[in-house]
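Accompanying notes for the structure given below.
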Amino acid sequence: QASTYAPIRVTAGQLNAAMGTAGVQILFTNAGPTECLLQGYPGVALAGADHQQVGTDAARRPATIPLLALAPGGQGAAQFLVANGTGYEPPTATPCSQAPVAGLRVYAPGSRKLVFVPAPLQVCTGVRPTIGPVEAPGSTS
């Protein structure tokens with residue numbers, strides 16, 4: 001995981017839900033005046049209203065990890081997925097106990113700065129969420 005020094009703004013993009021899963025596109029925007037490089041997986045966990053972590057950190061989904069060169073204002077995105085217990089559930093799924101969360105605790109790749117990102121979701125507790133690497137927006141990992 002790597003990132004060159006630049007102020008990175010972290011926000012929630014589109015929230016989706018389908019087939020028993022809720023998804024949040026986490027956006028990483030270069031808020032600095034010069035190009036920066038961004039590569040790797042963000043650290044992500046669910047958070048309650050008090051911004052404290054709920055459950056375990058998201059597991060990394062295997063994928064090719066691109067190196068993004070972000071111009072000022074440029075964006076990268078990572079897809080966060082978690083079971084929400086609505087709609088389709090495979091017969092072998094872990095039983096779902098639903099609970100609301102207020103958002104996500106996010107570290108950009110290569111950063112030690114924790115950011116709370118508001119993203120109200122209904123999730124299954126006890127089911128580990130997953131995260132893909134930071135990619136160009138519109139990619140599908």
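Numerical summary
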item: Residue among Gln39, Gln52 that is within 13 Å of Tyr107 (Cα to Cα), open to solvent by 50 Å² or more (accessible area, probe 1.4 Å) and more than 11 Å from the chain's Cα centre (by Cα); result: Gln39
item: Any hit, region 84-107, residues being under 17 Å from Gly132 (Cβ atoms) and at pLDDT below 90; result: no
item: Failed item, numbered, when Ile26 is tested on (1) at pLDDT 90 or above; (2) open to solvent by 30 Å² or more (accessible area, probe 1.4 Å); (3) closer than 17 Å to Pro137 by Cα; result: (2)
item: Residue list for region 14-23, restricted to those being open to solvent by 20 Å² or more (accessible area, probe 1.4 Å) and not in a loop (DSSP other than H, G, I, E, B); result: Gln14, Leu15, Asn16, Ala17, Ala18, Thr21
item: Contacts under 7 angstrom Cβ, first residue in region 63-75 being farther than 8 Å from Cys36 by Cα, partner open to solvent by less than 40 Å² (accessible area, probe 1.4 Å) and charged (D, E, K, R), 6 or more apart; result: Pro66/Glu135
item: Residue within region 67-74 that is at pLDDT 90 or above and under 14 Å from Pro133 (Cα atoms) present; result: yes
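The values are calculated or read from the model by the stated rules, or taken from the named source; none is laboratory data. Keep in mind it's a predicted model, so treat the numbers as computed, not measured. Positions of Cβ are backbone-derived with ideal geometry, glycine not excepted, and every protein chain shown enters the neighbour counts. Quick note on the areas: whole protein, heavy atoms, side chains included, nothing else; ligands and nucleic acids left out. Shrake-Rupley method; radii C 1.70, N 1.55, O 1.52, S 1.80 Å.
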